[in-house]
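Engineer: Sharing a structure, written as structure tokens. Questions coming.
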Amino acid sequence: MKKFKKRSDCPISSALDIVGDKWSLLIIRDIALQGKHTYNEFLKSEEGIATNVLADRLSMLEAFGILAKEDHPVSKAKIFYKLTEKGQDLLPVLMEIILWSDKYLEIAPQAKEFAKMLRNDKEAILNQMTSSLKKL
């Protein structure tokens, strides 16, 4: 991983240095919302991340303590990625992006349905997601 150099002391700028690229939040989304946990599962996401970019982002997210690598529960040949507490603390950010997208962009019907559920009880959904991620 490249040496990290933040651009400024601004908290938004500092956070974007870590998760502001095109892929990092999508990897977090894949774990939290789609139950993906392996390299090959991330590669199969519809956005089509390149293998070298995926490897770099996984390494960076692990280095910043957002992801943790574990032995895969079924296959010794695979690595199991999971969100750390620090990574789980980004879930409200993802939820707000979903709600903003629902308000201002055209999104898929299943995403619209999820946004509707978020509007009705965001706290309960967040608690359910966090609880299920902690069981992994």
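Engineer: Please give the helices (runs of 4 or more DSSP H) falling wholly within segment 1-116 in which 1 or more residues are at pLDDT 95 or above. Break it down into steps so the answer makes sense when it comes.
Structural biologist: Numbers: elements: 11-19, 24-34, 39-43, 51-63, 85-88, 91-104.
In segment 1-116, the matching helices (runs of 4 or more DSSP H) lie at 24-34, 39-43, 51-63, 85-88, 91-104.
Engineer: Restricting the search to segment 117-136, which residues are surrounded by 15 or more Cβ atoms within 10 Å (Cβ to Cβ) and either touching a Ser or Thr at 6+ places or on another chain (Cβ under 9 Å) or outside any helix (DSSP H, G or I) (or both)?
Structural biologist: none
Engineer: Based on what the data block shows, is D30 within 30 Å of K116 (Cβ to Cβ), surrounded by 13 or more Cβ atoms within 10 Å (Cβ to Cβ), among the acidic types (D, E) and touching a residue at least 24 places away in the same chain (Cβ under 8 Å)?
Structural biologist: Numbers: within 30 Å of K116 (Cβ to Cβ): yes; surrounded by 13 or more Cβ atoms within 10 Å (Cβ to Cβ): yes; among the acidic types (D, E): yes; touching a residue at least 24 places away in the same chain (Cβ under 8 Å): no.
In short, no.
Engineer: Further question on the same structure: Restricting to segment 10-21, count the residues that are open to solvent by 40 Å² or more (accessible area, probe 1.4 Å) and without any contact (Cβ under 8 Å) to a residue 12 or more places away in the chain.
Structural biologist: Counting residues in segment 10-21 that are open to solvent by 40 Å² or more (accessible area, probe 1.4 Å) and without any contact (Cβ under 8 Å) to a residue 12 or more places away in the chain gives 6.
Engineer: Restricting the search to segment 1-50, which residues are over 19 Å from L136 (Cβ atoms) and of a type in the set (V, I, T)?
Structural biologist: Once the filter is applied, which keeps residues that are over 19 Å from L136 (Cβ atoms) and of a type in the set (V, I, T), segment 1-50 yields I12, I18, V19, I49.
Engineer: Another question, then. Would segment 88-110 turn up any residue that is of a type in the set (G, A, S) and open to solvent by 30 Å² or more (accessible area, probe 1.4 Å)?
Structural biologist: Taking segment 88-110 as the starting set, the residues that turn out to be of a type in the set (G, A, S) are 101, 108.
Filter once more, so that each one left must be open to solvent by 30 Å² or more (accessible area, probe 1.4 Å): 108.
Yes, that holds for at least one residue.
The values are calculated or read from the model by the stated rules, or taken from the named source; none is laboratory data. Given the structure is predicted, the values throughout are model-derived calculations rather than measurements. Glycine also receives a Cβ, built like all others from the backbone with ideal geometry; neighbour counts cover every protein chain displayed. Accessible surface areas use protein heavy atoms only, side chains included; no ligands, DNA or RNA. Shrake-Rupley method; radii C 1.70, N 1.55, O 1.52, S 1.80 Å.
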